[in-house]
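J.: What follows is a structure written as structure tokens; I'll ask about it next.
The values are calculated or read from the model by the stated rules, or taken from the named source; none is laboratory data. Since the model is a prediction, treat every value here as computed from it, not as a measurement. Cβ placement follows ideal geometry from the backbone for every residue including glycine, while neighbour counts extend to all protein chains displayed. Side chains are part of the model used for accessible areas, which takes the heavy atoms of the whole protein and leaves out ligands, DNA and RNA. Shrake-Rupley method; radii C 1.70, N 1.55, O 1.52, S 1.80 Å.
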Amino acid sequence: MKKAKSHFLRIRRIAFEGPRTNNPLAFRHYNPDEIVDGKTMSAHLRFSIAYWHSFRGVGADPFGPGTIQRPWEAGKDPISIAKNRMDAAFEFFQKIRVPFYCFHDRDIAPEGRTLAESNRNLDRLVDHAKALQRATGVKLLWGTANLFSNRRYMCGAATNPDAHVFAYAAAQVKKAIDVTKELGGQNYVFWGGREGYETLLNTNLKREQDHLAAFLHMAVDYAKSIGFKGQFLIEPKPKEPTKHQYDFDVASGVAFLRTYGLEKFLKFNIETNHATLAGHSFQHEIEVAAAHGMLGSIDANAGDELLGWDTDQFNTNVKELSLAMVSVLRAGGLGSGGLNFDAKLRRPSIDPEDLFHAHIGGMDAYALAFKIARRIVADGKFSGFLEERYASYDSGFGRDIEKQRVGFRELNQLVLRKLGEPKPRSGKQEYLENLLNSYLH
């Protein structure tokens, strides 16, 4: 294909220069080629760029329109602009050295006046993306459909009270799965941005959840019919834009999937900011998903705990990320998932260079956290403490409890005749917090 002009001419490919570098456009901790346990750091962390924030975000917030203007957005023909934008995106992917990217269907191609026109637009951009993927080696981590921006989805998509909207959403998702497969996407994500309600005065909650389950079953069936082997993922979020969303957190998501017989087909794409909005820690959501064998992928961002909305900031909190990476390592990794930077520049950060600073900071923070987490797991001090704390369940009546070989009657007799009063043991929280800090400094 014809070589596109450079959109980041003054910025070279980001190099690893080590912790002592003073170069703000270099990695301090992330060396993508470093071999760790037989794999490169790039293969371990599987970083991905969120197309919607990095190349469609304009710095808008609830109180004002966008502030970010990009030169590749100039022109009158929407398809030409979309192709130019995609050229800029892939140049960025290469220079920031990520192996993956993610998109919604409407991120990469303009929506038409009809679904047929939207599909034609999408096909043209998918052809362009396919050529760019071949030329650069960058792959699609996951695709998804935007079922929340258009006015038709103001009351949800799969949970909409109008069956016409449900059918339209099904057609849109069918096409999104098609193009995800065509581009070699390794996952497909369902984010129910408006699958919830504002008031129960106009909502049949049970019926809407039934419809959502039916929608997901249809997607599973369709994927099988076309031979799509990618992993389906659900991304929980408790609120915003709707007051209550049905995929509130991982625990409610697990219950939903098991209630409707979907637990074998879907895992979770966990977002840090959504965990915060649900009143949980990032690590908590990872642990819940891992406990049920449903940890799939991560949207790598952060929320502001002083604000009650989705701020989607780049996460540079090494302590928080180290705890998260410990849980990921103990779960055996993310499989076909990855660390997708679902994060956006702050409203006053309007220079193209800021896009590099933001991702360098996020990638370095995760790389450092990964290295710290590996030391924590290898040392075994925390896992040894946990093993000792729960050792009473490894034998005797404790093992019988876990194996469900005893009941209340047997345990009642055991306490009355032999065990007597338990002797409480310290949880050592302060010691463990100090131990964690010893790895961070």
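J.: I want to check the label-to-label distance for Glu402 and Ser383. Put each point 7 Å from Cα in the C-beta direction and report it in nm to one decimal.
T.: 1.5
J.: For Glu433 and Ala255, calculate 0.36 nm times their separation in residues minus their Cα-Cα distance, and state this gained length in nm to one decimal. Write out the running numbers ahead of the final one.
T.: On the way: separation 178, 0.36 × 178 = 64.08 nm, distance 3.21 nm.
This chain segment gains 60.9 nm when fully extended.
J.: Still on this structure, I have one more. Let me have the 222 nm mean residue ellipticity of the chain computed from DSSP H runs of 4+ only, each contributing -39500 (n - 2.57), with the sum over all residues rounded to the nearest 500.
T.: On the way: 16 runs with 200 residues, N = 441.
For the chain, the value works out to -14000 deg cm²/dmol.
J.: Just to check, using Stokes-Einstein with a Kirkwood Rh over alpha carbon pairs, what's the diffusion coefficient of region 70-115 at 4 °C and 1.567 mPa s in µm²/s? Present the calculation step by step, with values, prior to reporting the outcome.
T.: Details: Rh = 11.8 Å.
This corresponds to a translational diffusion coefficient of 110 µm²/s.
J.: Quick one: compute a quarter of the convex hull surface over the Cα atoms of region 24-108 and quote it in nm². Present the calculation step by step, with values, prior to reporting the outcome.
T.: Working: hull surface 30.4 nm².
Hull-based average projected area comes out at 7.6 nm².
J.: So for region 347-441, considering every pair of alpha-carbon atoms, how many percent are separated by more than 23 Å?
T.: Details: 2525 of 4465 pairs.
The share of Cα pairs beyond 23 Å in region 347-441 comes to 57 percent.
J.: When the dipole is taken about the Cα centre of the chain, and only Lys, Arg (+1) and Asp, Glu (-1) are charged at their Cβ, what size is it in debye, to the nearest 20?
T.: On the way: 59 positive and 52 negative charges, 195 e Å.
Magnitude of the dipole: close to 940 debye.
J.: How big is the dipole moment of region 111-227 about its Cα centre under a simple scheme where the beta carbon of each Lys and Arg is +1, that of each Asp and Glu is -1, and everything else is neutral? Debye, nearest 20, please.
T.: Details: 15 positive and 12 negative charges, 60 e Å.
For this selection, approximately 280 debye.
J.: While we're on this one: Among the trypsin sites (Lys or Arg not before Pro) within region 37-104, which fall in a DSSP loop and have no more than 16 other Cβ atoms within 10 Å of their own Cβ?
T.: Values: sites: Lys39, Arg46, Arg56, Lys76, Lys83, Arg85, Lys95, Arg97; in loops: Arg46, Lys76, Arg97.
When the trypsin sites (Lys or Arg not before Pro) of region 37-104 are filtered for loop state and at most 16 Cβ neighbours within 10 Å, Lys76 remain.
J.: Using alpha carbon centroids, what distance separates region 200-225 and region 19-83, in Å?
T.: Using only Cα atoms to place each centre, the spacing works out to 34 Å.
J.: OK, next. Efficiency by 1/(1 + (r/R0)^6): what FRET value for Leu201 and Asn317, r their Cβ-Cβ distance, R0 = 41 Å, to the nearest 0.05? Working shown, then result.
T.: On the way: r = 40 Å, r/R0 = 0.98.
FRET efficiency, Leu201 to Asn317: 0.55.
J.: Just add up the charged neighbours of His292: K/R +1, D/E -1, any other residue whose Cβ is under 11 Å from the Cβ of His292.
T.: Details: positive: Arg258, Lys267; negative: Glu263, Glu287.
With Lys, Arg at +1 and Asp, Glu at -1, the net is 0.
J.: Could you calculate the FRET efficiency of Arg124 with Ala43 from 1/(1 + (r/R0)^6), where r is the beta carbon distance between them and R0 is 51 Å, rounded to 0.05? Could you put the intermediate results ahead of the total?
T.: Working: r = 32 Å, r/R0 = 0.63.
Result of the calculation: an efficiency of 0.95.
J.: Can you give me the orientation-averaged projected area of the convex hull built on the Cα atoms of region 1-151, in nm²? All intermediate terms of the calculation are to be shown ahead of the outcome.
T.: On the way: hull surface 46.5 nm².
Averaging across all directions leaves 11.6 nm² for the Cα convex hull.
J.: Given a 1.4 angstrom probe, I'd like the percentage of the accessible area of the chain that is carbon and sulfur, rounded to a whole number. Could the numbers behind the result be given before it?
T.: Working: 11580 of 22280 Å².
Within the chain, the accessible surface is 52 percent carbon and sulfur.
J.: Set the Förster distance to 35 Å, then compute FRET efficiency between His292 and Asp351 from the Cβ-Cβ distance, nearest 0.05.
T.: On the way: r = 43 Å, r/R0 = 1.23.
Result of the calculation: an efficiency of 0.20.
J.: Report the percentage of all Cα-Cα pairs in the chain whose separation exceeds 26 Å, rounded to a whole percent.
T.: Values: 58267 of 97020 pairs.
Every Cα pair in the chain considered, those over 26 Å come to 60 percent.
J.: Taking all pairs of distinct Cα atoms, average 1/r, flip it, and tell me the Kirkwood hydrodynamic radius of region 286-434 in Å to one decimal place.
T.: Working: mean 1/r = 0.0524 Å⁻¹.
The answer is 19.1 Å.
J.: Of the listed pairs Lys229/Lys264; Lys175/Lys224; Lys239/Lys264; Lys39/Lys264; Lys139/Lys174; Lys181/Lys224, which have alpha-carbon separations greater than 18 Å here? The partial results should precede the final answer.
T.: Numbers: Lys229/Lys264 14 Å; Lys175/Lys224 14 Å; Lys239/Lys264 26 Å; Lys39/Lys264 29 Å; Lys139/Lys174 21 Å; Lys181/Lys224 12 Å.
In this structure, Lys239/Lys264; Lys39/Lys264; Lys139/Lys174 exceed 18 Å between Cα atoms.
J.: What does DSSP give for region 1-104 in terms of the percent of beta bridges that are antiparallel, rounded to the nearest 5? Can you show the working numbers first?
T.: On the way: 3 of 8 bridges.
Bridges in region 1-104 are about 40 percent antiparallel.
J.: As a test, work out the antiparallel percent of DSSP beta bridges whose residues both lie in the chain, rounded to the nearest 5.
T.: Working: 6 of 34 bridges.
Counting DSSP beta bridges with both partners in the chain, the antiparallel share is about 20 percent.
J.: Using a 7 Å offset from the Cα along the Cα-to-Cβ direction at both Ser392 and Arg10, what is the distance between the two label points in nm, to one decimal?
T.: Here the modelled spin labels are 6.6 nm apart.
J.: In Å and whole numbers, how far do the C-alpha atoms of region 207-365 stretch along each principal axis, longest first?
T.: Here the spans come out as 44, 35, 29 Å, largest first.
J.: Then there's this: Where a ≥ b ≥ c are the square roots of the eigenvalues of the C-alpha gyration tensor, would you call region 231-301 rounded, which needs a/c under 1.5, or, failing that, prolate if a/b is larger than b/c, or oblate? Mind dumping the intermediate values first?
T.: Values: a/c = 1.74, a/b = 1.25, b/c = 1.40.
Oblate, because a/c is 1.5 or more while a/b does not exceed b/c.
J.: Tell me the per residue accessible area of the chain using a 1.4 Å probe; a whole number in Å² is fine. Intermediate values should be presented prior to the final figure.
T.: Values: 22280 Å² over 441 residues.
Averaged over the residues of the chain, the accessible area is 51 Å².
J.: How far, in nm, would the chain grow between Arg152 and Val58 when pulled straight, counting 0.36 nm per residue and subtracting the alpha carbon separation?
T.: Values: separation 94, 0.36 × 94 = 33.84 nm, distance 2.32 nm.
Result: 31.5 nm gained on full extension.
J.: In Å and on Cα atoms, what radius of gyration and Dmax does region 110-167 show?
T.: Rg and Dmax of region 110-167, Cα atoms, are 14.8, 45 Å.
J.: Kindly give Rg over Rh for region 142-296, based on alpha-carbon atoms, with the Kirkwood expression for the hydrodynamic radius. Walk me through the intermediate numbers first.
T.: On the way: Rg = 14.7 Å, Rh = 15.6 Å.
Ratio of gyration radius to Kirkwood radius: 0.94.
J.: Under a point spin-label approximation (7 Å from Cα along Cα-to-Cβ), what is the Leu306-Gln69 distance to one decimal in nm?
T.: Here the answer is 3.1 nm between the modelled labels.
J.: A follow-up question, please. Counting only C-alpha contacts under 8 Å and six or more residues apart, can you give the relative contact order of the chain as a whole percent? Walk me through the numbers on the way to the answer.
T.: Numbers: 688 pairs, mean separation 64.0, N = 441.
This gives 15 percent for the chain.
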